[in-house]
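Report on the following structure.
The values are calculated or read from the model by the stated rules, or taken from the named source; none is laboratory data. Computed from a prediction, not measured in an experiment: that's the story for all the values here. With ideal geometry, Cβ positions are generated from the backbone for all residues, glycine too; neighbour counts draw on all protein chains shown. The accessibility values were calculated without ligands, DNA or RNA, using every heavy atom of the protein model including side chains. Shrake-Rupley method; radii C 1.70, N 1.55, O 1.52, S 1.80 Å.
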Amino acid sequence: MRAWSYLDRDLGCEQARRADARQAVGEPLGPLHGLPVGVRDVFDTADMPSEYGSALYRARVPEADAAAVSKLHEAGAIILGKTATSEFGMYHPPPTRNPHDLLRSPGVSSSGSAAAVVDYRTPLALGTQHTASTTLPASFCGAFAFKPSLGFTKMTGSNILVPAHLGLLARSVDDLALFAGAFNPALAELDPVERFPSPRIAFVRGPGWTNVTFDAATALKTLLSRIRVPTPNRSCHPNSIGP
């Protein structure tokens with residue numbers, strides 16, 4: 001899949017042994033205790049290369065972890081390696097392939113994380129998102145993605161050329177909830193119903209709707225016909241919501 005830019009099996013096993021030792025002596029365990037996580041290579045990691053997908057930073061190892069990586073360590077996660085990224089989160093797509101079809105696109109700049117999760121290389125992976133860098137590869141590859149609001153966690157130690165959100169990728173909504181709780185303990189303590197209330201879905205016909213292919217339009221209309229859609233709010237623009 002070419003999902004990893006760096007993978008350290010020995011370090012992963014050593015982290016796992018340390019996690020077992022902490023559990024054996026009854027130390028407090030974090031919410032991600034013993035869970036492998038892939039870290040998109042725009043985040044600094046003090047014990048493995050952090051190259052930002054760029055030849056300019058080949059073999060660079062920073063002195064400190066990014067804030068998000070520190071959170072993962074505090075939560076007991078095992079950092080397996082760095083997932084492939086576009087250069088600085090913006091340029092030159094990574095070599096990652098789509099797990100379902102090697103000839104199809106895996107999405108954009110967090111595609112290494114999405115492919116690694118979907119291909120069962122790791123249950124959880126970090127991404128980032130400015131426009132669609134987490135949610136689009138999740139859609140292309142078949143992962144579940146969560147893009148929190150800005151400020152959900154500090155983004156220090158991440159080298160991205162534009163302001164970006166943290167991105168979380170997993171194989172289920174429950175796994176995303178567990179993952180998010182490692183960054184926001186208050187969220188983890190909520191009842192699942194409070195944490196994820198009934199979803200609200202808006203179907204938006206944007207400016208490009210007239211260019212949508214017949215197959216895509218038919219698939220969307222079929223999906224909408226299977227979802228209970230409330231009566232559109234007539235005060236809204238007629239092209240904004242509704243089937």
- Leaving out same-chain residues fewer than 8 places away, which lysines sit with a Cα under 21 Å from that of Lys154? Lys71, Lys82
- Message: Give me the one-decimal nm value for the distance between modelled label points at Val212 and Arg226, 7 Å along each residue's Cα-to-Cβ direction.
- Response: 1.6
- Return one whole number: the accessible area per residue of the chain in Å², for a 1.4 Å probe. 56
- Task: Compute the Cα gyration tensor for segment 92-180, then decide on rounded, prolate or oblate, letting a ≥ b ≥ c be the square roots of its eigenvalues: rounded whenever a/c is under 1.5, prolate when a/b is larger than b/c in the other cases, and oblate in all that remain.
- Result: oblate
- Query: How much length is gained if the chain between His33 and Leu56 is pulled fully straight, taking 0.36 nm per residue apart and subtracting their Cα-Cα distance, in nm to one decimal?
  - Reply: 4.8 nm
- Task: Tally the DSSP beta bridges in the chain and give the antiparallel ones as a percent, rounded to 5.
- Result: 65
- Query: If Lys and Arg each add +1 and Asp and Glu each add -1, what is the summed charge of the other residues whose beta carbon sits under 11 Å from the beta carbon of Asp119?
  - Reply: +4
- Item | Over the chain: helical MRE at 222 nm, DSSP H runs n ≥ 4 each giving -39500 (n - 2.57), nearest 500 | -8000 deg cm²/dmol
- Note on the structure: By the Cα gyration tensor axes a ≥ b ≥ c (a/c under 1.5 gives rounded; else a/b larger than b/c gives prolate, otherwise oblate), the shape of the chain is prolate
- Task: Can you tell me the equivalent ellipsoid semi-axes for segment 16-81? Use √(5λ) from the Cα gyration tensor, largest first, whole Å.
- Result: 27, 10, 9
- Query: Which whole-number value in Å³ per residue fits the convex hull of the alpha carbons of segment 51-129?
  - Reply: 103
- Query: Which residue, Ser105, Ser225, Ser50, has the most motion in a Gaussian network model of the chain that connects Cα atoms within less than 10 Å?
  - Reply: Ser225
- Length added when fully stretched, Asp10-Val204, from 0.36 nm per residue minus Cα-Cα: 65.0 nm
